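What follows is a set of notes on a single structure, which appears directly below.
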Amino acid sequence: MRKILITGALGQIGSELAVRMRDVYGNANVIISDLKAKETHKELIENGPFEVIDVMDKDRMAEVVDKYGINTIVNLAAILSATGEARPDLCWSINMNGLYNVLELAREKKLSVFTPSSIAVFGDLTPKDSTPQDTVMRPGTMYGVTKVAGELLCDYYFHKFGVDTRGVRFPGLISYDTLPGGGTTDYAVHIYYEALKNGKYSSFIDKGTKMDMMYMPDALDAILNLMEADSSRLIHRNAFNIAAMSFDPEEIAASIRKHIPGFVLEYDVDPIRQAIADSWPNSLDDSAARAEWGWAPKYLLDDMTKDMLEKLSKKLNIKI
Ligand code: VAH
């Protein structure tokens, strides 16, 4: 039976993955952790084991692994792209030294590791359309550098020490539970909140900027399905291209207008996040994930918009 430790569990992915994993593996078998408890996640913290962990503190992480008999670490603690450009030192430290501590623990204690990569591994020299699984990866952001280095480190620990490491290259993730922080794709989450609250949104990403995106339920399926996939079928491991949809601000606005006809989209482009977005692919080839572990997304843009607006309407108590 899996005994899972999730680091960064109170973030955008972790807060929903923890609920899903507790449904699958049992509350007592999913230990969530973050830098500190958050009042906003009181229910999640109270419905299973919670520990305060800073991934920079390997001894503390080892203490928790021993306390619960952990056999799997899902390492979500990370600094994202936009924050990473403001604080490249912190981004390297958390994303690389944190991952190194997780992998060293996994080597010493024979643990499995899942840690997400990102489409941020790709840069200006990468083919932009149907970006291949195996291609040029020369990112121009510190976040992207840590994700390329992280993929290589995870592969090294698999080949050198036999640590079962697996990961996916997430596109922008859209969800209604926990707001993302410090990402370039965050506009695609904020637009739904603003559409409901104010009927308008000023995007920091420019019109025509296509990026790969995914609804959180599909992202959670990807993590669970890859973690449980037959190891002998995995060729790529760290990390798989996965894709669901690709859109620009105008397209997501048009999808919202099917529910909120008067929605107004304006622009106040942030040059830093625009430059990051311009360096990322327009669309990905995810055939390797489909072939090696049966990846198959369920949500396209209009399905996601309908569900997001329904869930946010309840969460914000705003009628559509
Ligand atoms: C970011 N949401 O914007 C993250 C993600 C592909 C984007 O890695 O930094």
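Every read-out reported here was derived from the displayed coordinates using simple, explicitly stated rules and does not represent laboratory data. Here the structure is a predicted model, which means the values were calculated and not measured. When we count neighbours, we look across all protein chains shown, and the Cβ atoms used for this are built from the backbone with ideal geometry, even at glycine.
Among the residues making up segment 70-124, a single one is within 16 Å of the ligand (Cβ to nearest atom) and of a type in the set (Lys, Arg): Arg87. The set of residues in segment 281-320 being over 19 Å from Tyr201 (Cβ atoms) and either β-branched (Val, Ile, Thr) or touching a Ser or Thr at 6+ places or on another chain (Cβ under 8 Å) (or both) consists of Pro281, Asn282, Ser283, Leu284, Asp285.
Counting just the residues of segment 153-204 that are surrounded by fewer than 21 Cβ atoms within 10 Å (Cβ to Cβ) and of a type in the set (Asp, Glu), which one comes out farthest from the ligand (Cβ to nearest atom)? Residue satisfying both the conditions and the ranking: Asp164.
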